[in-house]
Amino acid sequence: MIIDTHCHIQFKAFDEDRNEVLKRCQEKNIIMNAVGTQQTTSQLAVALAEQHENIYATIGLHPIQEHKVQVEEEQDNFMSRGEVFDIDYYDKLARHPKVIAIGETGLDKYHIPKDKTQEDIFAVQKDIFLQHIKLANKHDLPLVIHIREAHEEMIALLSEIKQKGITIKGVVHCFTGNWTQAQIYLDAGLYLGFTGVVTFPPKKTDPKPQEELQEVIKNIPLDRILVETDAPYLAPQAHRGKRSEPWMTEEVVKWISEYRNISQESLMKQTVDNTKALFTKIK
């Protein structure tokens, strides 16, 4: 068994062949956490979780959906909604027995609308992040945290939260930072989620980011690792250029186990144990 702790199997990228993808996942004994990014995709995640035993749901408003901005990503190109965070809507969804977390929520400096200042955008993102924390704590659920080009700001925000006596639990999903940043998140009690990005070779023109990520993989305690795909994005190196699918989590496990010189079976079991320790509603 492998648990893909972060995928978007409910996204339009899978509309034409979702059943075939789910069949491949079932054959490989993959459990999925379908992560919502706004009201529609959160509701779709819950609906899929109701229909499939091996799917759970996370609900929330992604920071890029809080303002209208053109998003161009691998496997996707769309205009974000500029959706207001309706905490009552998500509060009702959070009561569903297969909702295991709140998110993805966090800070994103990569997608800034041209007609807004970074300060204005971050003010909104921080406020909504705090509302997600409130919702998560109300339902005793962990957070799925998104951070893109905003580690400095997130670290400062986590310090503020700690000073206020607010507790959080969760995972920094798709972690691609350095070991100094990783240690701060680990010290805050958070897990780190790793995607197919870990399998990428260092870029010849700029090897530092990948080398820093490899240092994190080398040093992180095994009991704080989660694995994910972020499907349909970030296909592992063996499948680059293709749509990522949740079963490809096995490539992430394979790469980390080889890099840490441990068996795939032991790492697989460890990541399942880690996942269930954080997402306690997974059976």
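Miscellaneous remarks
- Considering residues of the stretch 151-161 that are closer than 16 Å to Gln183 by Cα and of a type outside the set (D, E, K, R) only, the residue surrounded by the most Cβ atoms within 10 Å (Cβ to Cβ): Met154
- Residue in the stretch 42-49 that is buried (at least 24 other Cβ atoms within 10 Å of the Cβ), part of a helix (DSSP H, G or I) and not aliphatic (A, V, I, L, M) present: yes
- Qualifying position, being in contact with a strand residue (DSSP E or B) (Cβ under 9 Å, 6 or more places away or on another chain) and of a type in the set (Val, Ile, Thr), among Val99, Val124: Val99
- Remark: Ile133 falls outside the filter, which requires a residue to be surrounded by 13 or more Cβ atoms within 10 Å (Cβ to Cβ), in a loop (DSSP other than H, G, I, E, B) and at pLDDT 95 or above.
- Qualifying residues in the stretch 50-97 (those that are at pLDDT 95 or above and assigned to a strand (DSSP E or B)) - the one surrounded by the most Cβ atoms within 10 Å (Cβ to Cβ): Ile59
- Residue in the stretch 230-237 that is touching a Leu at 6+ places or on another chain (Cβ under 7 Å) and surrounded by fewer than 23 Cβ atoms within 10 Å (Cβ to Cβ) present: no
- Scan the stretch 9-41 for residues that are part of a helix (DSSP H, G or I) and crowded, with 18+ Cβ neighbours inside 10 Å and the total you get is 7.
- Which numbered condition Met1 misses (of (1) hydrophobic (A, V, I, L, M, F, W, C); (2) surrounded by 15 or more Cβ atoms within 10 Å (Cβ to Cβ); (3) touching a strand residue (DSSP E or B) at 6+ places or on another chain (Cβ under 8 Å)): (2)
- Selection from the stretch 164-209 of residues that are surrounded by fewer than 16 Cβ atoms within 10 Å (Cβ to Cβ) and out of contact with any helix residue (DSSP H, G or I) (no Cβ under 8 Å at 6 or more places or on another chain): Lys164, Gly165, Thr180, Gln183, Asp187, Gly189, Lys204, Thr205, Asp206, Pro207, Lys208, Pro209
- Scope the stretch 193-215; condition more than 15 Å from Gln237 (Cβ to Cβ) and within 17 Å of the chain's Cα centre (by Cα); matching residues: Gly193
- Pairs, first more than 16 Å from Asn33 (Cα to Cα) in the stretch 136-153, second of a type in the set (Gly, Ala, Ser) and surrounded by 13 or more Cβ atoms within 10 Å (Cβ to Cβ), C-beta under 6 Å, six or more apart: His139/Ala94; Ile147/Gly106; His151/Gly177
The values are calculated or read from the model by the stated rules, or taken from the named source; none is laboratory data. Remember, it's a predicted structure, so these values are computed and weren't measured experimentally. Here Cβ is always computed from backbone atoms with ideal geometry, including for glycine, and neighbour counts include all displayed protein chains.
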